[in-house]
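K.L.:
Here it is, the structure, as structure tokens.
Every number in this text was worked out from the coordinates using simple rules, so none of it is lab data. Keep in mind that this is a model prediction, so the values were computed, not measured. Positions of Cβ are generated from backbone atoms using ideal geometry, with glycine treated the same way; all protein chains shown enter the neighbour counts.
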Amino acid sequence: MGLAQDVAEIPRVHDQVLVEYCFDCHDSLSEKGGIDLEMLSYRIDSVESAEMWQKVLNVLNSGEMPPDNKPQLTSEEKISLLRDLSDQLVLARELLSDTGGISTMRRLNRREYQNSIESLLGVRIEVEDLPDDANSGGFDTNGASLFFSADQFEQYLALARRALDSAIQINEEPPKPIRLEIEPETSTNAFITRVSGTIKANWDKTQAWRTSDKSKPPSEFGLLDEFDVRFRERLYNQQYASYRRYLDDPRSQDAVLLQPFFDRTNFVSVKIPSKASFGEFRIQVFASTLEGAERGDTYLEYGFPGARGGEIERLGHVRVEGNGNGTPVPITLSIPVVKDGPREVRIRHRQHNNRDASRSTFLDSQRKGGLGPEPKLQIDKIVLTGPYFESWPPRAVSEIFFKGMGWKQKDSDGYAREILLRFAKRAFRTRQPSPEFLERLHALYRAEMKTGKKFYEALQEPLALVLASPGFLYLAEPVKQENAGKSELLTQPELAVRLSYFLWSAPPDQKLLVDAREGKLRKPGVLRAHAKRLLEDRRSDAFISSLAHQWLHMERLDFFQFDFRTFPEFDDSVKEAARAEVYETIRHLLDERLPVHDLLDPGYVVVNDLLADYYGLQPVEGSAYRSVSLPDDSPRGGLLGMAAIHAMGSDGNHSSLVERGTWVMRYLLNDAPPPAPPNVPQLSRVRGKLLSPREELAAHMEEAQCAQCHQRIDPIGYGMENFDAAGKWRDMLKLQKKVGKKVVKKEIPIDSSGRLPNGTEFSDFQGLRDAVATHKDDFARGFVEALIEYGLGRPYGFSDESLRERLLNRSAVRDDSMRELILAFVESKPFQRKK
Amino acid sequence: MNSDPNPSTRRRFLRSSSALIALPFLESLGFRRYASAAVAPAPPKRFVFLGMGFGVTKQSWYPDQKDTGAAYKLPEGLAPLAKHRGDLTIIQNLANQYNNEAHWGSTFWLTGANRYAEPGQSFHNTVSVDQVAAEQLGSDTRFASVQLTYKGGDNSGHGPGLSLAWNRQGKPVSALNTPVAAFHKLFSDDSTPLEQRQADLLKQRSILDTVLQDAKTTRRGLTQTDQDKLDEYFQSIREIEQRLEKEKEWLEVPKRVPNPALVEPDKSLQGVEEVKMMYDLMIAALQVDTTRVFTYRQPLDTLIRSMGATISAHNMSHYEPGTRMDVSQQRDLKQSELFAHFLDRLKAIKEADGSSLFDHTTVTLGSNIHSIHYLTNCPTIVSGGGAGIDHGRHILAPAKTPLCNLWLTLLNGSGIQADAHGDSTGRLDSLLKA
């Protein structure tokens, strides 16, 4: 990205170097190894010349050339040549793979598929079985990379059947709501009494055997063998006192005292009875804080049971407000229950969502002589109600069965035909289903009827088929025959579809469709007004999160598990809050019409309760995000202050200044370093010395092959060393290294001085942030490139450069807000044209 | 299939002589020849490709390059394979000349393609060797080939793709990503009654005809690029049609399960246990001849974490003396140990003629990444008797020999017709038994 030229060319200054070190063997006369560099064009304008220069780069990188017995390039010559070679090759690859402004028709990606199904059928289905469509380095809207594999058709069909099965509800009356009041301590106490009783009884047996003269084996005492004795003793030693303390605590008689990580008192379970229908349920939790609870202790998290014990499929977090006197405050949680989906919800004190953390934390506390973590929250009562429905029959049902469920239809075959036509038209968005296709669907319906199915059942299969057909799965924009080869404007319905998939990742709503059908979209201001409306709707969260996630390469946030001992606070609740900070900050920019470069150094931070606590800011209330202004010296605010960004630049344990430096170059300075080259000899480090990352990376500068990039990358990373792997501020760096069999530890103050690639020096993090902020135009360019790539569904190429500049100029005239950039893009010609 | 004079014979026989079905090749259609000729046909050839992602520890995984031939010293990282050393070939200096992607250990491993070969496109790939093999070995088994992978993002150094396999069009082939999914696909029978399944098959046909109808309409007015895109859809329907054709033949044949039968794997298997379970499932499926071609894109990040590492696989791959190198070497040992287990099992399974499954299978363990960011000298171990390799040797090929020369050798050695594969320049005939 950030192409500055339209030609890739090795600068002539390297002429001398090539002549001096290479031509001895590789000129036209000698052509050693069949390589003639003399005839090789400095301009890289074909796949073949790119291949040849790639070979030159590769042998220089690997140190294969010049051979050991020949004169070697000086370090400066090598760095300079390698840098130009790799940069120009990146440029050449981009130029050569430039589609010339042609986007390939795309399939709905996984997210869009899920949203499109929801829009048609009113149910949100699990799409885990489909490939996630993320493609390395690009966007999941890039048509050329959205493949269709043989299994996929059947997966689509199976998903559609499942979706229709939950969507089509035939009862005339909504399912009866239920109301359950649960005193959670009843089952918890019964369970603990039983378990601790067994543990104690078995322990008594072990002691009976221990104090006996051992003439009889343990089996005579009701135990299996000596292993069993030791096992029972261990169980007693580990758990009994904790259970006892729990039951002896008078508060446990009226409430469940939540003890993180301790088996049964770790969570309160709410089961939705199997006889109740699916739909939205509400759980009212009467919870309160206990003595000694600090603010960080007052968060509950909740979710469905996870795959392994001690884990949940997290749905959200909520803070318990209280004064420590046990007065319960009701909190309402909304739980989506789907057909055949999970029906148990677990509510617990927030914690690391991982089985090993769960086991070890408890044992750690015991090793220090404790009885497990102290309870800080209690739950008195739970009230479960539901299911709730927005309307009955559900909207999707009345849209499909527009004249009822078919019981009273005289001409049910004719009705079926109408249903199929209407549904296929809606599903296909812009295109009419062909009569032949409809005929086949109808034949399928008739065949199903013959097997004895009811009307609505017989329609499920043909309806599912519509959702596995190309008309639904592909966003096709056919061109008229006479326009072949020429650029053609999108039809208005096509434009409506492009707009809504761009800003909602979902099909257009009625308002947009009506204006499109009536041909109003290209009237002055209409398209713009729709785009504004779509952006203001929460459905545009899909746009914000997908764009940001892919643009900023945020999948790294999920690559690593954060160590629960080193980062006890950075659990899933905080990680999700940190991820959402990126999205919510962009949402804030859009809502408040703020400029893109507010992501660099805004002087405010967009946080919720949990994140404000994590950052050590003044407390805020509620899980909703809001902007909070910051003092000048605060490290927070903007991308560089976000925990998510720093966590992405780590491996879950250690910060990586190379990852962070690369990230800043790529996304903030819009100056991506070339990809890590293969076959560069790695230096073997000084064994046994405890070095800071900074000192270790100094080795990157020793070899020209490494230096050419790391000179640019590493000094940026230095400026971010004050953030640990989980994005918390630190002043000291803890070093640890295994030397032989010993572990050596040391703490050193952090030196965060460094340099941007353009030479700007900085002395600390604030200096880095200020220096990066001066690159606001580069940053805005990078954003617009991502926007174009995401919106047009193809890699950003040289041919898009003028569009990028036009958008930046145009929006600058109105106001320089991020929203204006998006609107300008929507109003631009490329957005409204086919291909 | 049309050549079968009496298709029902096979079914009748299978139903009535359950005692004999324990022999692996009986499930294949090769059995027909057996039934009519009374002479056991040679057991079929099989292929297994195991992809490691990020490479290995250079210092301790590779034998000394000067120490070639049969008497080479087995390096530390391969120690668990000692008992199989007579049945292994380690080949050095193979590489894919076009791959410049230092983190893509699998994308081009079995294809040898040039990412940038197509102007106007930023990604291009070609058919992988397993799929070439499956075209010829797959016609007699329930599944022509089976792809396995793991769940989660690409943090194990494999690169783009859904599995190790790429089809004739150079498009990714999807894979089963958990032992549970593999177990059900390979061994669980549909409990629906036969008549119902026959009716379902018919319905399937009409389903395919219906969507094809719409695909034809969609095609109208599309540009060439878009038509090419839509061809993927057509291709997928064609593949399903071929599979249905097959399913029709297999409809009355219950899926074979090995004896003793496997139980459904634990859902929470991860890392070492997950790989081991996938290996066992592969062996079981080869044993009962459910398929003859497997690829497995192995997890690496979860593998090392399940061994107690707290660093990422990528971090490990940039090892240096110290913790990272320790983890890297322990990983090598574990992978060798798992591979040794795989070979143990292959050898333990007997074919009808008394030979072992091992004698007819070609297993390759490797990656496009050597170690760290090196893409030359791809780590390569070949085992099994399927391709006629004269095992027990450490071979040093000339520098930068195309990896595809090995693939071509394995194909031809297993009796599969192919003149070239990827960027191959010839065969490695010196590998084969004289």
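K.L.:
Within 10 Å of each Cβ in B:149-157, how many Cβ atoms from other chains are there, averaged over the peptide?
P.N.:
For this peptide, the per-residue mean of nearby foreign Cβ atoms is 2.
K.L.:
Turning to a different aspect of this structure: List the residues whose amide H sits under 5 Å from the amide H of A:Ile312, counting only those 5 or more places along or on another chain, with H placed 1.01 Å from N in the peptide plane.
P.N.:
Under 5 Å from the amide H of A:Ile312: A:Gly306.
K.L.:
In nm, what is the difference between 0.36 nm times the number of residues separating A:Ser41 and A:Glu761 and their Cα-Cα distance?
P.N.:
The A:Ser41-A:Glu761 span can extend by a further 255.4 nm.
K.L.:
Is it possible to state the helix-based mean residue ellipticity at 222 nm for chain A, with each DSSP H run of 4+ residues giving -39500 (n - 2.57), the sum divided by total residues, to the nearest 500 deg cm²/dmol? What is it?
P.N.:
Taking each H run of at least 4 residues, the total per residue is -13000 deg cm²/dmol.
K.L.:
Relative contact order (percent) for chain A, with alpha-carbon contacts under 8 angstrom and 6 or more residues of separation?
P.N.:
15 percent
K.L.:
Bin by bin, in steps of 5 Å, what percent of the Cα pairs in the stretch A:446-514 do you find, going until the bin that has the longest distance?
P.N.:
Each 5 Å bin holds this share of Cα pairs: 3, 14, 15, 14, 15, 12, 10, 9, 5, 2, 0.
K.L.:
Once you order the gyration tensor axes a ≥ b ≥ c over the Cα atoms, which shape class does chain A get: rounded for a/c under 1.5, otherwise prolate or oblate by comparing a/b with b/c?
P.N.:
Details: a/c = 1.90, a/b = 1.13, b/c = 1.67.
Oblate is the answer for chain A, as a/c is 1.5 or above yet b/c matches or exceeds a/b.
K.L.:
Say the cut-off is 24 Å between C-alpha atoms; which of A:Lys454/B:Lys203; A:Lys176/A:Lys425; A:Lys454/B:Lys248; B:Lys203/B:Lys267; A:Lys741/B:Lys83; A:Lys339/B:Lys248 go over it?
P.N.:
From A:Lys454/B:Lys203; A:Lys176/A:Lys425; A:Lys454/B:Lys248; B:Lys203/B:Lys267; A:Lys741/B:Lys83; A:Lys339/B:Lys248, over 24 Å: A:Lys176/A:Lys425; A:Lys454/B:Lys248; B:Lys203/B:Lys267; A:Lys741/B:Lys83; A:Lys339/B:Lys248.
K.L.:
Something else: Students often get this wrong, so check it: of A:Lys55/B:Lys276; A:Lys200/A:Lys368; A:Lys368/B:Lys334; A:Lys511/B:Lys171; A:Lys78/A:Lys776, which have C-alpha atoms separated by over 30 Å?
P.N.:
On the way: A:Lys55/B:Lys276 40 Å; A:Lys200/A:Lys368 23 Å; A:Lys368/B:Lys334 34 Å; A:Lys511/B:Lys171 39 Å; A:Lys78/A:Lys776 32 Å.
Going by Cα-Cα distance, A:Lys55/B:Lys276; A:Lys368/B:Lys334; A:Lys511/B:Lys171; A:Lys78/A:Lys776 fall outside the 30 Å limit.
K.L.:
Can you work out ³J(HN,Hα) from phi for every residue in the stretch A:74-88, in order, using Karplus 6.51 cos²θ - 1.76 cosθ + 1.60 and θ = phi - 60°, giving whole Hz and x for Gly and Pro?
P.N.:
6, 4, 5, 4, 5, 4, 5, 5, 4, 4, 5, 4, 5, 5, 5
K.L.:
Under the definition of Cα pairs under 8 Å and six or more residues apart, what whole-number percent is the relative contact order of chain B?
P.N.:
Dividing the mean separation by the residue count of chain B yields 31 percent.
K.L.:
Put +1 on the Cβ of each Lys and Arg and -1 on the Cβ of each Asp and Glu in chain A; which of A:Val497, A:Tyr790, A:Ala704 then has its Cα farthest toward the positive end of the dipole?
P.N.:
The residue sitting farthest along the positive end of the dipole is A:Val497.
K.L.:
Please report the spacing between the Cα centers of the stretch B:226-300 and the stretch A:604-626 in Å, no decimals.
P.N.:
The distance from the Cα centre of the stretch B:226-300 to that of the stretch A:604-626 comes to 49 Å.
K.L.:
Pull out the extension gain between B:Thr425 and B:Lys400, defined as 0.36 nm times the separation in residues minus the alpha carbon to alpha carbon distance; nm, one decimal.
P.N.:
Details: separation 25, 0.36 × 25 = 9.00 nm, distance 1.14 nm.
Length difference between fully extended and current span is 7.9 nm.
K.L.:
Further question: Would you kindly derive the ³J(HN,Hα) couplings of the stretch B:72-80 from the backbone phi angles with the Karplus curve 6.51 cos²θ - 1.76 cosθ + 1.60 (θ = phi - 60°), listing them in order in whole Hz, with x for Gly and Pro?
P.N.:
Listing the rounded values in order: 4, 8, 5, x, 3, x, 10, 3, x Hz.
K.L.:
To continue, here is another question. Using alpha carbons only, how many angstrom separate the centre of the stretch A:721-780 from the centre of the stretch A:330-387?
P.N.:
Comparing the Cα centres of the stretch A:721-780 and the stretch A:330-387, I get a distance of 37 Å.
K.L.:
Restricting things to Cα coordinates, could you compute the convex hull volume per residue of the stretch A:736-835 in Å³? Before the final figure, lay out the partial values.
P.N.:
Details: hull volume 18.7 nm³, N = 100.
Looking at the stretch A:736-835, the number lands at 187 Å³ per residue.
K.L.:
I've got another one for you. Quick one: 3J(HN,Hα) in Hz for the stretch B:161-166, Karplus 6.51/-1.76/1.60 with θ = phi - 60°, rounded, Gly and Pro as x.
P.N.:
Per residue, the Karplus-derived 3J(HN,Hα) values read x, 9, 6, 6, 9, 10 Hz.
K.L.:
Only counting other Cβ atoms within 10 Å, I'd like B:His318, B:His84 sorted with the fewest neighbours first.
P.N.:
Arranged by neighbour count, lowest to highest, B:His318, B:His84 become B:His318, B:His84.
K.L.:
Classify the stretch A:466-554 as rounded, prolate or oblate, taking a ≥ b ≥ c as the square roots of the eigenvalues of its Cα gyration tensor: rounded when a/c is under 1.5, otherwise prolate if a/b is larger than b/c and oblate if not.
P.N.:
Here the stretch A:466-554 falls in the oblate category.
K.L.:
What ranking do A:Leu441, A:Leu130, B:Leu365 get, fewest neighbouring Cβ atoms within 10 angstrom at the top?
P.N.:
Least to most surrounded, the residues fall as A:Leu130, B:Leu365, A:Leu441.
K.L.:
Which order do the peptides A:527-539, A:193-205 take when ranked by the mean count of other beta-carbon atoms within 10 Å per residue, highest first?
P.N.:
Sorting A:527-539, A:193-205 by mean packing, highest first, produces A:527-539, A:193-205.
K.L.:
With contacts defined as alpha carbon pairs under 8 Å and 6 or more residues apart, what's the relative contact order of the stretch B:305-392 in percent?
P.N.:
Details: 85 pairs, mean separation 16.8, N = 88.
Contact order relative to length: 19 percent.
K.L.:
Turning to a different aspect of this structure: Can you find, among B:Thr218, A:Ala529, A:Ser623, the residue sitting farthest towards the positive end of the charge dipole of the protein assembly as shown, where Lys and Arg contribute +1 and Asp and Glu -1 at Cβ?
P.N.:
B:Thr218
K.L.:
Quick check: residue separation of A:Phe231 and A:Lys829 times 0.36 nm, minus the Cα distance between them. What number comes out in nm?
P.N.:
Here the segment from A:Phe231 to A:Lys829 would lengthen by 207.9 nm.
K.L.:
I've got another one for you. Could you tell me which residue out of B:Phe358, B:Leu338, B:Leu94 lies farthest along the dipole of chain B toward its positive end? Charges go on the beta carbon: Lys and Arg +1, Asp and Glu -1, centred on the Cα centre.
P.N.:
Going by the Cα projections, it comes out as B:Phe358.
K.L.:
Considering every residue in A:121-132, what mean count of other chain Cβ atoms within 10 Å of its Cβ is obtained?
P.N.:
Values: counts 0, 0, 0, 0, 0, 0, 0, 2, 3, 1, 4, 1.
That works out to 1 on average.
K.L.:
With a 10 Å Cβ neighbour count serving as the proxy for reagent exposure, in which order, fewest first, do B:Thr111, A:Thr361 appear? Numbers along the way, then the final one.
P.N.:
On the way: B:Thr111 31, A:Thr361 22.
Lowest count first: A:Thr361, B:Thr111.
K.L.:
Separation between the B:Ser356 and B:Asp189 pseudo-spin-labels, each 7 Å from Cα along Cα→Cβ, expressed in nm?
P.N.:
3.1 nm
K.L.:
Considering the alpha-carbon set of the stretch A:381-468 alone, what are its Rg and its Dmax in angstrom?
P.N.:
15.7, 60
K.L.:
Taking each residue in B:364-373, count the Cβ atoms of any other chain within 10 Å of its Cβ, then average. What number comes out? Each step should come with its number before you reach the end.
P.N.:
Details: counts 0, 0, 0, 0, 1, 1, 2, 1, 6, 9.
Going residue by residue through B:364-373 and averaging, the value is 2.
K.L.:
Report, largest value first, the span of the C-alpha coordinates of chain B along each principal axis, in whole Å.
P.N.:
64, 59, 45
K.L.:
For the stretch A:151-213, what is the Kirkwood hydrodynamic radius in Å, using each pair of distinct C-alpha atoms?
P.N.:
On the way: mean 1/r = 0.0556 Å⁻¹.
Computed over the stretch A:151-213, the radius equals 18.0 Å.
K.L.:
5 Å is the cut-off here: which amide hydrogens, built 1.01 Å from N in the peptide plane, fall below it relative to B:Phe49, excluding neighbours closer than 5 in sequence?
P.N.:
Distant-sequence amide H within range of B:Phe49: B:Phe294, B:Thr295, B:Tyr296, B:Thr364.
K.L.:
In what sequence, highest mean first, do A:567-578, B:369-380 appear when ranked by Cβ atoms within 10 angstrom?
P.N.:
B:369-380, A:567-578
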